[in-house]
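Report on the following structure.
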Amino acid sequence: MRIARRLVMHEVRLLVSLVLWVARRRQGADGGRAFGYARGQGAMMAGFGFVCVVETVAMSVLLRDWPTVHAVLLLLDVYGVVIVVALHASSVVRPHVLDVEGGSLRIRRYVHVDLRVPLERIASVRRELRMTHERADGELAVEVGSQTTVTIELTEPVTHLTFLGRRREVRVVRFHADDADGLVRALGRARV
């Protein structure tokens, strides 16, 4: 039951992100400096959306003689296209946020990663382009297009909640930012 509730809430948050994107609003970026990460995946998401539209048209042609099956699959296909657009929208409206006054860096991806890192726990921050990520205990890779551009090492772990609610303690966080150099400089100034 808990997993079903989390999945439904995930879908609702995606659809809310779509509405915010259309309204050109951001979520949770008030009071801090926003750093986007959606540019790194824009072409990939557009390609994925195009493939979904082609599949929708192809299935409509193939199932034209079975109206009930056609209607059900058309509904599912259109919903799939909406979810792909909503995923991209959630990346645009939910940027990383550096809140110097609040003393935290908020690292986000879509609607299922939202990690708050207290600035006083950051031991080091560096610009580091990585294209491959092996899963390791105590490390979190928040990839965009299979790459990360910023690495943060912590003095003590922070708790990350996974998509289905499992708790993980992480000491190293790698993530992507469109302006990685600007984020690293801003973090360096904030920690002084």
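The values are calculated or read from the model by the stated rules, or taken from the named source; none is laboratory data. The structure displayed is predicted, hence computed values, not measured ones. Cβ placement follows ideal geometry from the backbone for every residue including glycine, while neighbour counts extend to all protein chains displayed.
Worth pointing out:
- Among the conditions (1) surrounded by 13 or more Cβ atoms within 10 Å (Cβ to Cβ); (2) over 21 Å from the mean Cα position of the chain (by Cα); (3) assigned to a strand (DSSP E or B), the only one that Glu156 does not satisfy is (1).
- Candidates Leu15, Leu87, Leu7, Leu62 - the one that is outside the structural domain of Glu143 (by TED's automatic domain parsing) and modelled with pLDDT under 85: Leu7
- Glu55 being surrounded by fewer than 19 Cβ atoms within 10 Å (Cβ to Cβ) and either in the same structural domain as Glu153 (by TED's automatic domain parsing) or among the polar types (S, T, N, Q) (or both): no
- Residue check: Leu74 meets all listed conditions (1) of a type in the set (A, V, I, L, M, F, W, C); (2) in the same structural domain as Ala177 (by TED's automatic domain parsing); (3) part of a helix (DSSP H, G or I) but one, namely (2).
- Only one entry in Val93, Val117, Val158 is in contact with a Pro (Cβ under 9 Å, 6 or more places away or on another chain) and either of a type in the set (Gly, Ala, Ser) or in contact (Cβ under 8 Å) with a residue 40 or more places away in the chain (or both), namely Val158.
- Of all residues in segment 10-32, those satisfying the criterion of being surrounded by 12 or more Cβ atoms within 10 Å (Cβ to Cβ) and part of a helix (DSSP H, G or I) are His10, Glu11, Arg13, Leu14, Leu15, Val16, Ser17, Leu18, Val19, Leu20, Trp21.
- Selection of segment 90-113 for residues being modelled with pLDDT under 85 and within 16 Å of the chain's Cα centre (by Cα) yields Val111, His112.
- Candidate set from segment 132-150 (those that are over 11 Å from the mean Cα position of the chain (by Cα) and acidic (Asp, Glu)); member that is surrounded by the fewest Cβ atoms within 10 Å (Cβ to Cβ): Glu134
- Scanning segment 97-126 for residues that are among the hydroxyl-bearing types (Ser, Thr, Tyr) and either surrounded by fewer than 13 Cβ atoms within 10 Å (Cβ to Cβ) or part of a strand (DSSP E or B) (or both) returns Ser104, Ser124.
- Which listed residue is of a type outside the set (Phe, Trp, Tyr) and under 24 Å from Arg25 (Cβ atoms), from Arg121, Arg130, Arg116: Arg116
- When segment 127-150 is filtered for residues that are part of a loop (DSSP other than H, G, I, E, B) and among the small types (Gly, Ala, Ser), the ones remaining, listed by number, are Ala136, Gly138, Gly145, Ser146.
- Residue within segment 37-46 that is within 23 Å of Asp114 (Cα to Cα) and outside any helix (DSSP H, G or I) present: yes
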